[in-house]
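Working notes, structure below.
The values are calculated or read from the model by the stated rules, or taken from the named source; none is laboratory data. Remember, predicted model here, so these are calculated numbers, not experimental data. A quick note on method: Cβ atoms are made from the backbone with ideal geometry, for glycine too, and the neighbour counts reach across all protein chains shown. These accessible areas exclude ligands, DNA and RNA; they are computed on the full protein's heavy atoms, side chains included. Shrake-Rupley method; radii C 1.70, N 1.55, O 1.52, S 1.80 Å.
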Amino acid sequence: MLITLEGIDGTGKSTLHAALAGLLSDLHPVFTREPGATWVGDSVRRAIAEQTDPVTEALLFVADHAAHLATVVRPALDEGRIVISDRYIDSRYAYQSVTLEGIVPEPLGWLQSLHNGWTIVPDHTFLLVMPVDEALSRLKEKNGREHFERKEILEKVQKNYLALARKDPSRFVIIDASLEKEEILQFVAKAIRQFSGSSRSRRRR
Ligand code: TYD
């Protein structure tokens, strides 16, 4: 079973991801992330830091995804493990739809066609949502920020995420990221347990 955590920067996704490891250890999930689960992620980090052109950056994110699938996600799913990824395919759909605006004619369609046929669609996606100002205030100093971490960009990214969730309501669980950290953690951990129980009983049938 493939679970993904998504949301704009500052929503507490990575903290949640790390905390889930403690609560779900008996299920032996594989915790992983995009970008950066493989060496391709180093090129992505460099592309982000150097602000290379948006098409190059988008294709590097896709390359990182391909390597991530091949070396981490697919082998773990083949073993029947639960995989929990901090960011995954929807990050591309939400962020690169913004960075490619005006550069490729239909960014979302272009990005989806780049993934179709070889990617693995998550079974469940937790989308953390909060007002952009609140998310930004949780991020580090302005000059230490990545180029995505600007209000006008993140407003659009969050809108894109919500549109993706509307189109696929059975996959997405929307979480109010302004709630207490502990409350979110307990809710998500419980939901993952329920999902894993029902996917096991489906397999038995
Ligand atoms: P991430 O490593 O999650 O952020 P942080 O460095 O704060 O832990 O991701 C780095 C940035 O890359 C983040 O702003 C989101 C962006 N991103 C994309 O634009 N597209 C993608 O496909 C992915 C995976 C991330």
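Convex hull over the alpha-carbon atoms of the stretch 44-90: what's its volume per residue in Å³?
Working: hull volume 3.4 nm³, N = 47.
With only Cα atoms used, the stretch 44-90 gives 72 Å³ per residue.
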Pop out the carbon and sulfur fraction of the accessible area of the chain as a percent, whole number, probe 1.4 Å. 53 percent
Hey, can you rank 99-106, 170-177 by average C-beta count inside 10 Å, highest first? 170-177, 99-106
How do 56-65, 181-190, 35-44 rank on mean C-beta neighbours within 10 Å, highest first? 56-65, 35-44, 181-190
In the chain, lysine pairs with alpha-carbon atoms under 21 angstrom apart (chain gap of 8 or more, or interchain): 16
Select from 129, 174, 154 the residue farthest towards the positive end of the dipole of the stretch 109-181; place +1 on Cβ of Lys and Arg, -1 on Cβ of Asp and Glu, and compute about the Cα centre. 154
Taking Rh as the Kirkwood radius computed over alpha-carbon pairs of the chain and applying Stokes-Einstein at 25 °C with viscosity 0.890 mPa s, one gets a diffusion coefficient in µm² s⁻¹ of 140 µm²/s
Roughly what angle does helix 13-23 make with the longest principal axis of the chain, taking Cα atoms, 0 to 90 degrees, to the nearest 10? 20 degrees
Using only Cα atoms, find the angle between the long axis of helix 54-68 and the longest principal axis of the chain, and express it within 0 to 90 degrees, rounded to the nearest 10. 20 degrees
Which angle between 0 and 90 degrees, to the nearest 10, do you get for helix 151-167 versus the longest principal axis of the chain when only C-alpha atoms count? 40 degrees
